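Visitor: Below are the structure tokens for one structure; questions will follow.
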Amino acid sequence: MRFAIVNLGCKVNRVESDAIAAALLAAGGSEAAPTDADLIVVNTCTVTGEAEKKTRKAVHRALRANGHARVVVTGCAAAIDAAGFEAMDPRVETAAKGALLEELAGRAVGTHPVLRVGGAFPTRVGIKVQDGCDNACTYCIVHVARGRAWSRDADEVIDEAVAYARAGVREIVLSGINLGSYCWGDLTLAGLLERLLAATADQATSGEPCVRFRISSIEPKDVGDDLVALLASAEGRVCRHLHLPLQSGSSKVLRHMARPYDAGEYCTLVDRLRAAVPELSLSTDVIVGFPGEDEDDFAATLDVVRQCAFSKIHVFPYSRREGTPAADRVDQVRPEIKADRARRLRELAFRLRSADRARRSGTSELVLVETAGKATTESYFEVEAPAGAVPGALVAVALPTPPLAVQVPAK
Ligand code: SF4
């Protein structure tokens, strides 16, 4: 059977799409262009109104690609509005992702992992260890689409990671919708990482560095002392890079977003992390133009961003998502103000990124070779791969002085 997978949305979706592809390959399928496929899986996203639109377009495109393919729509948008997708065409079916994997590959998610290595799969492998979210941020529909938080059995995760390490994988990204809420018995995310480090410590072939782990994203309230201590002591086997969503530097806006921290608490956490792990690279997400955000609130965000010296910021102009409390507010920010704030924040983000990269010049980091010529540092900067380095390898590189930043990227 020839199949095509259309992936939209976040890193967790990417991991799940790769798992679906691996299951289909293991069941004897082969990947094909949508025009030649018998089955097209669209793994959807519904995080913003814009993402929802893209998702519908992708399903229309799949239907137009050829006249006979079965089109299976799965993921967050399908969970919110299955009937809406099924009404698009009789060939459209919707499915929950776990059930889809069971049906396609004849096995339950996670119980018998099919390894995603080689071929078109990325050299950096994602393992989903958690799904769902018990928070209720007022701009977000994901917790509705994904349901309550749950965590995967730690032994299962460890078996999967050991199998990847044995297969030669040198970087594993732990992912989840609310990864920091990982909890298995009394094991926290830090406890899981400790067990993963121990279980894979002898997996390196002679002389090569052991597999390392990366935390995909973690909510500030979930960064406990155990995780800080582990980042400080693991000598890079847990990448000293955290993606720590800020969303706003105004305590008023954070309260309206129902985020469980204020600006001061966020900054205190960053100070604690920087004191314990001086090499740490920090990235974040910021929403600009949330309903009610005024110029003072935005100035507070710029202050916090400067203080935290992020190496990368994903800037999102607020986008109304139907079905969320924030979408109903009457104090929406005008589009041109949102666009202006996004531009100003992106300029600052670019300057901070250049400064963080410059401070690393001359230091040495292990880089993961992604493809011939391209590698990613532990601190999550893209660099040139050393000549002759094999994709998938971890190699030490002295970071060169970057060329002077000449322009701010448009987006
Ligand atoms: Fe959505 Fe907030 Fe949960 Fe993230 S933490 S998935 S933004 S509700």
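Visitor: Out of everything in segment 133-173 that is of a type in the set (A, V, I, L, M) and within 16 Å of the ligand (Cβ to nearest atom), what residue ends up being nearest to Arg321 (Cα to Cα)?
Guide: Ile141
Visitor: While we're looking at this one, here's another question. Modelled with pLDDT of 95 or more, more than 30 Å from Val253 (Cα to Cα), within 16 Å of the ligand (Cβ to nearest atom) and in contact with a Gly (Cβ under 9 Å, 6 or more places away or on another chain): is that true of Val129 in this structure?
Guide: Against the criterion (modelled with pLDDT of 95 or more, more than 30 Å from Val253 (Cα to Cα), within 16 Å of the ligand (Cβ to nearest atom) and in contact with a Gly (Cβ under 9 Å, 6 or more places away or on another chain)), Val129 qualifies.
Visitor: Can you report the number of residues in segment 79-93 which are of a type outside the set (A, V, I, L, M, F, W, C) and within 24 Å of the chain's Cα centre (by Cα)?
Guide: Adding up the residues that qualify gives 1.
Visitor: Can you confirm whether Arg274 is free of Cβ contacts under 8 Å to residues at least 60 places away in the same chain and under 30 Å from Pro317 (Cβ atoms)?
Guide: yes
Visitor: Ok, one more. Please find, within segment 361-401, the residue that is farthest from the chain's Cα centre (by Cα) out of those that are assigned to a strand (DSSP E or B), surrounded by fewer than 17 Cβ atoms within 10 Å (Cβ to Cβ) and hydroxyl-bearing (Ser, Thr, Tyr).
Guide: Here the residue is Ser364.
Visitor: Yes or no: Thr44 surrounded by 15 or more Cβ atoms within 10 Å (Cβ to Cβ), in contact with a helix residue (DSSP H, G or I) (Cβ under 7 Å, 6 or more places away or on another chain), hydroxyl-bearing (Ser, Thr, Tyr) and free of Cβ contacts under 8 Å to residues at least 60 places away in the same chain?
Guide: So Thr44 passes the test.
Visitor: A follow-up question, please. Which ones in segment 333-388 are small (Gly, Ala, Ser) and under 17 Å from Ala299 (Cα atoms)?
Guide: Ala339, Ala342, Ala349
Visitor: Hey, another quick one. Could you grab the pairs with beta carbons closer than 8 Å, sequence gap of 6+ or different chains, first residue in segment 123-135 and free of Cβ contacts under 8 Å to residues at least 60 places away in the same chain and within 16 Å of Pro391 (Cα to Cα), second one within 15 Å of the ligand (Cβ to nearest atom) and among the aromatic types (Phe, Trp, Tyr)?
Guide: As it stands, the answer is none, since no pair meets every condition given.
The values are calculated or read from the model by the stated rules, or taken from the named source; none is laboratory data. Keep in mind that this is a model prediction, so the values were computed, not measured. Every residue, glycine as well, gets a Cβ built from its backbone with ideal geometry; the counts of neighbours run over all protein chains shown.
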